[in-house]
Every structure is written in C-alpha cells, then in structure tokens.
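The values are calculated or read from the model by the stated rules, or taken from the named source; none is laboratory data. The structure displayed is predicted, hence computed values, not measured ones. Positions of Cβ are generated from backbone atoms using ideal geometry, with glycine treated the same way; all protein chains shown enter the neighbour counts.
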2 protein chains.
Amino acid sequence: MSLLLENIAKHITLTAEEEELLLSKTEIRAYKAKTVLLKENDICKESFFVLNGIVRSYTIDENGVEHLVTFACPNWWIADMYSYISQQRGHLFIEALEDSEVLVLSKENQELLYHRIPKLERYFRILIENSLVANQQRLIDNMSFTAEARYDKFCVKYPELIHNIPQKQIASYIGVTPEFFSKMKSKLLRNQ
Amino acid sequence: MSLLLENIAKHITLTAEEEELLLSKTEIRAYKAKTVLLKENDICKESFFVLNGIVRSYTIDENGVEHLVTFACPNWWIADMYSYISQQRGHLFIEALEDSEVLVLSKENQELLYHRIPKLERYFRILIENSLVANQQRLIDNMSFTAEARYDKFCVKYPELIHNIPQKQIASYIGVTPEFFSKMKSKLLRNQ
DNA sequence: CGCGACGTTGATTTGCCTCAACGATTGTGG
DNA sequence: CCACAATCGTTGAGGCAAATCAACGTCGCG
C-alpha cells in the first residue's frame, strides 16, 4: 500500500497531507493472470504502479509477432507512454503475467497532482530519465550484441524473472523466436 | 540565440526575469565539424542544445563498430544522459557532424535553475517523456522491421539529413553495415 | 598532387527465422 | 478427479537477411 510512498521518498520529500492527497487520488486494483489492462488502439487514460505480481507491455507487428517492450515488477510504473501523454490511440498491449495488484493513477489525477504538488514533477522527471537511460542501453545492446550476450544481460537485470515467466516472454524481450531461444539455451548448457 | 526560449515557450511560460536568469547560466560554443565534445569514460558535465549544425552521439562496441544513438538537429538537446544524471563515467561519444553552434548548460547550473525556476522541471520532464517515446518506438522498429522498412521510417523522420550526412551514419543509425546499406539503396533504385 | 574518407560491388559465411513434428506440463470443464 | 485441450518447450531441416572480407573507384581537402 505505501510501497508507492516509499518509492517516492527516495527522490523527494512529501508532507503527510501531500501523501494523503496523493493516495486519495489513486485506486488499488487486482488483476488475474492474463488479464489485458490495455489493448492496441485504446487510449491509455491511466498508468499503473505494480504492488505485486508481474505486468508486461508488448506490441504485435504486422506478421502477428509479439515484441515485449517492458516488464513491470513490483515497485515499477507501466503505461503506454505515447498514448498516455498524447491521449491518442496507442499501439501497446498491457497484460498481467501473474495475478497482480496495481495502484492506478489516472491521467486526469496526475495532472491535478502536478498542480497541487509541483514536487511530483521532479519525481516523475527522475523516473522517466532513468527509463530513458535503460531504454537507450537496451537499444544499443540490440545493435551491438548477439542474442546470447543479450540473454546474459537479461539474467543480470531480471534475475527474479528467469524461472518465473514463460521462456517465450524472455525470447520476445531479447528479440529472438522461442525456437531459437530454446536452441541457444541448450547450447549454453552443453558448453557447461 | 532565443531559439531555446522559443522552444521552452512551447511547453511552459517564463517571466522576462526567469528567461534572463536562464540565459545567464548558459554559454554559446562553436565547434568545427568532427570535433569530439565528449568521449567514452568522460563524465558528462554539460548538456548541449543545438542552435545550428548537426551533432551525433554514438557508442563503439567491443569489435570497434560504431552505433549511432542520437542525431541532434537544431532545436534539440543532446547529452550522455546516463553519465549526466549519475555523474559516473559514460559510454557515449558526442561529436559535431558539421560546423555547429550549441548552447551549453552545465549539470550544476541545471540543478540551480531547477531550484530557482521549478517550472523547468516540467519543461524537461516533457522533453524526456518525448525522447522516451521516440526511443521506445525505435527499439520496437528494430525488433519488428527489416532494414528496408527502418530506412523508410528514417527518411520520414529525418528528411533533412538524408543528403547532408555520410551514408555510413545513416547505416549506423538504422543498424546495418555501410556495405549492406549501399546494396539496399541500389536495390531500391533498381526497383525504381 | 596525393592521401584518406567514403561508397560500391562481389563472394562467402553466419546468426537467426520458418515450418513442422512431437513430448511435457498445465488447467479446466464435465 | 480424471480427460482432454491448450500452452509451452524442444529438436531438426532448410532458407534468408545481413555480416564479413576484400578489392576497387571516386572525390574532397590539406
């Protein structure tokens, strides 16, 4: 419940009233595994802060292939950022990979909070800066490394996911087919 | 000179005094083509707002291959965001592709301005949000499309660059070798 | 003028994909 | 609580996009 407040406190200091106001503008929701929270062509009117469980965002390309954009573990925000900031129809799907509880903040309430608690601009600026850095690094990794090296990096970055989600999700994240991923893994095992 | 102020005015409203304060904390610099503004293992202590010319950032991987991260045309900011926010040694190179003039904002002065003009948090938050969206889309494009489709997208996004920078820079941006890019282009011409 | 950066073209290789078939596991309705 | 379907992972054969390596032409600039 106050996982969000702890997270915020790492970056800015809120008064008790501000914390109360903030929480009063959010809502807790529980989703069963495989529930779709947002689909392509929806307008993303809310962003989600994961309290427990795992949520992912992904696209489906013109050939019907899924590409995993983001894993959101507890303590992370997730949304279709393009659609959320522009309020245009987006291209992402957002889906619970496990039974999950999330804290929901609507775009409307976020704008309201920005005006009432300007410090929050700082909090979100910092989060988004970090996302941008991580995303840029992932792009560089995709251009620089083989699938094997990208898998190594994945294991370091998301150790808790390796044995807790279907392999095909990992394959989709590092950008290979499930078949190739399977062969790659068995090759790694053979070479001990 | 007030290109920056115009850019800021698109997102927030500053008073004349605030504008003056802001500009007093920046500095204009001119760089000759091929000048390196930042190199790997440097700490990025300033970010650059391009007034004219073209600036790029890139990495060099373990095989010595360059990967283009960002083109900065006039009206765009560029920095090694990772190093800039963490003040750790970074991995990016930043280089002027043409003779360029840039406006320089030091990390120190940026923090100072955040305190004196909190509205600037909003301005930079919005810019970074947009960067994140663009970067995420580029990652999706890399995973979803062939080099040919990525080149088409590049031509739409950066029409002014196509005939004004070496082809190898474009190849590096879309993530192929100069040789393959050359063959791809001549194939496109052959098929009219 | 001459050198270095750039672009082109060809031959060959390779990392990864596609398609297909087949176990293993899971979960769900009867 | 079992049966059966769906989902997932594995393995193999063959194919393709893009890389690699090498040679060569061109041009702009010092």
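Summary table below
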quantity	calculated
Residue count for the stretch A:167-180, restricted to those that are in contact (Cβ under 8 Å) with a residue 40 or more places away in the chain, touching a helix residue (DSSP H, G or I) at 6+ places or on another chain (Cβ under 7 Å) and hydroxyl-bearing (Ser, Thr, Tyr)	1
Filter pass, B:Glu160 being more than 14 Å from chain A (Cβ to nearest Cβ), within 13 Å of DNA strand C (Cβ to nearest atom) and of a type in the set (Asp, Glu)	no
Residues of the stretch B:91-123 satisfying the condition of being at the interface with another protein chain (Cβ under 10 Å from one of its Cβ atoms) and either in a helix (DSSP H, G or I) or of a type outside the set (A, V, I, L, M, F, W, C) (or both)	B:His91, B:Tyr114, B:Pro118, B:Lys119, B:Leu120, B:Glu121, B:Arg122, B:Tyr123
Identity of the residue in the stretch A:167-180, away from DNA strand C (no atom under 11 Å from the Cβ) and out of contact with any Lys or Arg (no Cβ under 9 Å at 6 or more places or on another chain), that ends up farthest from A:Leu139 (Cα to Cα)	A:Lys168
Answer residue from the stretch A:158-183, given it is surrounded by 14 or more Cβ atoms within 10 Å (Cβ to Cβ) and more than 9 Å from DNA strand D (Cβ to nearest atom) and is nearest to A:Val69 (Cα to Cα) among those	A:Tyr173
Filtered residue count, the stretch A:1-31, keeping only those that are outside any helix (DSSP H, G or I), in contact (Cβ under 8 Å) with a residue 24 or more places away in the chain and under 18 Å from A:Leu112 (Cβ atoms)	5
Hits in the stretch B:155-177 (condition: of a type in the set (S, T, N, Q) and out of contact with any strand residue (DSSP E or B) (no Cβ under 7 Å at 6 or more places or on another chain))	B:Asn164, B:Gln167, B:Thr177
Residue in the stretch B:54-69 that is over 21 Å from A:Asn142 (Cα atoms) and either at pLDDT below 95 or of a type outside the set (D, E, K, R) (or both) present	yes
Residue tally, condition in contact with a strand residue (DSSP E or B) (Cβ under 7 Å, 6 or more places away or on another chain) and among the hydrophobic types (A, V, I, L, M, F, W, C), over the stretch A:1-48	11
Residue satisfying condition, being surrounded by fewer than 10 Cβ atoms within 10 Å (Cβ to Cβ) and over 24 Å from B:Ser57 (Cα atoms), within set B:Glu20, B:Glu6	B:Glu6
The stretch A:35-81, residues that are of a type in the set (D, E, K, R) and outside any loop (DSSP other than H, G, I, E, B)	A:Glu46, A:Arg56, A:Glu66
Qualifying positions in the stretch B:39-94 - charged (D, E, K, R) and out of contact with any helix residue (DSSP H, G or I) (no Cβ under 6 Å at 6 or more places or on another chain)	B:Lys39, B:Glu40, B:Asp42, B:Glu46, B:Arg56, B:Glu62, B:Asp80, B:Arg89
Cβ-Cβ under 9 Å pairs, at least 6 apart or on other chains, the stretch B:45-65 side farther than 11 Å from B:Ile78 by Cβ, far side basic (Lys, Arg)	B:Lys45/B:Lys107
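Yes/no matrix, rows are residues, columns are (1) more than 10 Å from DNA strand C (Cβ to nearest atom); (2) outside any helix (DSSP H, G or I); (3) in contact (Cβ under 8 Å) with a residue 60 or more places away in the chain; (4) touching a Leu at 6+ places or on another chain (Cβ under 9 Å):
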position	(1), (2), (3), (4)
A:Ser131	yes, no, no, yes
A:Arg138	yes, no, no, yes
A:Asn142	no, no, no, yes
A:Ala149	no, no, no, no
A:Ile165	yes, yes, yes, yes
A:Ser182	no, no, no, no
